[in-house]
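Enquirer: Sharing a structure below in structure tokens format, with a few things to ask.
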Amino acid sequence: MILAIETSCDDTCAAVVEPDGRKALSNVVHTQAEHERYGGVVPEVASRAHLERLDGVVERALSDANVSLEEVSRVAVTVRPGLIGALLVGVAAAKGLAYARGLPLVPVNHLEGHVAAAYLTDPRLEPPFVALIASGGHTALYSVDLNREMRLLGETLDDAAGEALDKGARMLGLGFPGGPAISKAAQDGDTDRYDFPVGLKRKDDLDFSFSGLKTSLLYKLKAMDEGQLREELPHLAAGYEAAVVEALSRKLLRAVDLSDAPTVVVAGGVAANASLRRTLEERCAKTGITLIIPPPELCTDNAAMIGAAAPHATAIAYPEYASLNASSV
Ligand code: KG4
Ligand code: ZN
């Protein structure tokens with residue numbers, strides 16, 4: 001069994017995954033509530049909370065899976081990219097667990113982990129496919145080849161999609177994280193009441209931009225008083241969310257056109273968005289593309305996806321990982 005650990009941001013996560021990386025036996029996520037009062041993740045607070053929680057989360061992952069530490073054959077851990085202090089807590093814990101039992105350690109890239117959530121979703125999935133990762137820190141399109149190598153096709157020139165949602169939610173006075181907060185506020189909103197720009201809509205390349213969208217919201221808000229904002233909130237949220245969904249869907253389908261891949265994988269926290277899921281399901285069904293979007297709990301940060309990536313990452317034999325380091329980029 002693979003024991004996987006993920007602590008790159010504000011979720012303390014551990015999971016037990018079968019050796020082929022196609023089935024999770026447990027997937028424990030502890031989302032740190034400490035950050036809510038700050039309206040964003042505070043790195044040092046995140047590291048300390050990981051430190052306090054990780055042991056208990058690992059124990060739960062083993063007991064939920066009904067697997068003992070003796071049955072674990074390798075330990076997988078996120079080593080990059082992310083908050084450096086937060087990553088280091090996971091890496092140190094993984095090293096300790098692997099070292100104590102003489103096991104190999106598998107360093108996993110967080111983005112490859114997000115994509116690997118698709119292997120848990122469809123255990124028969126094989127590359128090649130096009131992958132969209134839309135999270136709080138990244139928004140990028142990749143072509144994944146037969147060897148599972150990821151080639152960058154396009155990425156955001158400014159904010160990540162999740163970051164744009166988080167910042168938009170903040171401007172609208174909604175909670176953190178912004179993605180779910182905007183969706184909730186948008187429920188009875190009219191997506192067409194306000195005209196929001198869809199970044200790089202007319203450009204034929206595969207890059208994204210969300211800064212114009214943010215500015216557009218800022219100017220609309222400047223022209224409103226508090227009463228108007230309260231009344232218009234559902235429509236503003238709906239229009240803003242729709243612009244993000246449109247930018248992501250449009251560029252993803254463009255990437256599929258250019259690459260001729262029959263399958264697309266959508267991953268990262270923003271892939272939990274109901275409107276994005278619905279839009280992509282409709283458009284992919286129309287064009288005969290196989291769409292794989294993991295269930296929401298496998299889209300946002302979790303350790304099962306890190307375990308799913310482990311069989312295809314290079315393991316470091318015991319005890320050669322003593323000097324293994326984490327990296328923020
Ligand atoms: O992948 P993730 O959990 O962490 C990173 O690796 O960044 O993504 C977090 C991002 C946040 O920006 C959050 O607002 C967004 O994903 N998010 C959502 C939803 N759930 C999380 N965005 C839209 N709709 C959601 N339901
Ligand atoms: Zn992530």
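The values are calculated or read from the model by the stated rules, or taken from the named source; none is laboratory data. Treat the numbers as computed from the prediction; the structure is a model and nothing was measured. Note that each Cβ is placed from the backbone with ideal geometry, even for glycine, and that neighbours are counted across all protein chains shown.
Enquirer: If a residue has to be small (G, A, S) and under 24 Å from H312 (Cβ atoms) to count, how many in region 49-85 make the cut?
Expert: 5
Enquirer: Quick check on region 233-257: of everything there that is in contact (Cβ under 8 Å) with a residue 60 or more places away in the chain, of a type in the set (A, V, I, L, M, F, W, C) and farther than 23 Å from A117 by Cα, which residue is surrounded by the most Cβ atoms within 10 Å (Cβ to Cβ)?
Expert: Applying the filter and picking the extreme gives A237.
Enquirer: Mind checking whether some residue in region 215-223 is outside any helix (DSSP H, G or I) and more than 15 Å from ligand 1 (Cβ to nearest atom)?
Expert: So far as region 215-223 goes, yes, one or more of its residues are outside any helix (DSSP H, G or I) and more than 15 Å from ligand 1 (Cβ to nearest atom).
Enquirer: Which one is farthest from S73 (Cα to Cα), of the residues in region 12-23 that are in contact (Cβ under 8 Å) with a residue 60 or more places away in the chain and surrounded by 24 or more Cβ atoms within 10 Å (Cβ to Cβ)?
Expert: C13
Enquirer: If a residue has to be under 28 Å from L221 (Cβ atoms) and more than 16 Å from ligand 2 (Cβ to nearest atom) to count, how many in region 232-276 make the cut?
Expert: 21
Enquirer: Here is a list of conditions, (1) within 16 Å of ligand 2 (Cβ to nearest atom); (2) in contact with a strand residue (DSSP E or B) (Cβ under 6 Å, 6 or more places away or on another chain); (3) aliphatic (A, V, I, L, M), and V17 meets all of them except one; can you say which number that is?
Expert: For V17, the failing item is (1).
Enquirer: In region 219-232, is there at least one residue being modelled with pLDDT of 95 or more and surrounded by 23 or more Cβ atoms within 10 Å (Cβ to Cβ)?
Expert: No, every residue in region 219-232 fails to be modelled with pLDDT of 95 or more and surrounded by 23 or more Cβ atoms within 10 Å (Cβ to Cβ).
Enquirer: Among what's in region 93-149 and is of a type in the set (S, T, Y) and more than 20 Å from V16 (Cβ to Cβ), pick the residue that is nearest to ligand 1 (Cβ to nearest atom).
Expert: S135
Enquirer: Scan region 176-199 for residues that are over 19 Å from the mean Cα position of the chain (by Cα) and over 13 Å from L213 (Cβ atoms) and report the count.
Expert: Total meeting the criteria: 10.
Enquirer: Got a sec? Which of A46, A65, A100 is modelled with pLDDT of 95 or more, of a type in the set (A, V, I, L, M, F, W, C) and touching a strand residue (DSSP E or B) at 6+ places or on another chain (Cβ under 8 Å)?
Expert: Details: A46 fails: touching a strand residue (DSSP E or B) at 6+ places or on another chain (Cβ under 8 Å); A100 fails: touching a strand residue (DSSP E or B) at 6+ places or on another chain (Cβ under 8 Å).
From the options A46, A65, A100, the qualifying one is A65.
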